[in-house]
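Colleague: Please find one structure pasted underneath; my questions will follow.
The values are calculated or read from the model by the stated rules, or taken from the named source; none is laboratory data. Please read these numbers as outputs of a predicted model, since none were measured by experiment. Cβ: placed from backbone, ideal geometry, glycine included. Neighbour counts: every protein chain shown. Keep in mind that these areas ignore ligands, DNA and RNA; they rest on the heavy atoms of the full protein, side chains included. Shrake-Rupley method; radii C 1.70, N 1.55, O 1.52, S 1.80 Å.
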Amino acid sequence: LWRYATLDGTPAVLNLPDDFGRQPKNGGVEALLVLRDGRIVAISEEMMTGPGARAGWIGAPTRDGQYHWSRFDYASEPDFAPTAIRQLPDGSFVTLERAFDMVRGVRCRVMRFDAGQLRPGRTVKPEELARLASPYAVDNLEGLSVTRGGRGETLLWLMSDDNFNPLQRNILLLFELMP
């Protein structure tokens, strides 16, 4: 992981947790977020810590410019892997999970959990807000953004990319998160 102080600045390599290198090739961290207080939240796409639990880390900045890393687990259904995480205006978190197999195709879940669950040594157990699958517009969703609409409503933006694969599409989906 690299940290850019400015968009055109020289990146600084971040120190990583000791077990970070144990993630599968092309199955490492996809869900990554820097919180307002400077902490980093990272969830592995494929590194399992037990049945139905994936590895997650919280990095707290230290005075010497490094990070102190703590582990947590992220509970998920089989086949569904976290690809994005964002913080909602109320302080809770929303994650995007995707799954794919040749029989059922692409599926996606939008999940939510309270900030109090995100603690070192604990297991985050998100609740499902939405599940997308065929025949709905769904593809390789791996991007997530949260904004406020003109009425103050919370908007969730879900994004995919085609990875230069003719079988995939670039799509942008917009949902309002109801209270």
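Colleague: Compute the normalised compactness of segment 1-102: alpha-carbon radius of gyration over 2.2 N^0.38 Å, N being the residue count.
Modeller: 1.12
Colleague: Rounded to the nearest percent, how much of the accessible area of the chain (1.4 Å probe, protein heavy atoms only) is carbon and sulfur?
Modeller: So the carbon and sulfur contribution to the accessible surface is 54 percent.
Colleague: Arranged from highest to lowest average of other beta-carbon atoms within 10 Å per residue, in what order do the peptides 78-91, 139-152, 16-29 appear?
Modeller: 78-91, 139-152, 16-29
Colleague: Using per-residue counts of other Cβ atoms within 10 Å, averaged over each peptide, order 128-138, 155-165 from highest down.
Modeller: Most protected by this proxy first, the peptides run 155-165, 128-138.
Colleague: Another question about this same structure. Subtracting the Cα-Cα distance from 0.36 nm times the residue separation, let me have the gained length for LEU7 to GLN23 in nm, one decimal.
Modeller: 3.0 nm
Colleague: Quick check on the chain: what are the equivalent-ellipsoid semi-axes from the Cα gyration tensor, as sqrt(5λ), descending, whole Å?
Modeller: 26, 20, 18
Colleague: Here's something else I'd like to know. Go ahead and run the numbers for FRET between VAL34 and VAL103, Cβ-Cβ distance against an R0 of 25 Å, rounding to 0.05.
Modeller: Numbers: r = 38 Å, r/R0 = 1.50.
Step by step, r from the Cβ atoms, then E = 0.10.
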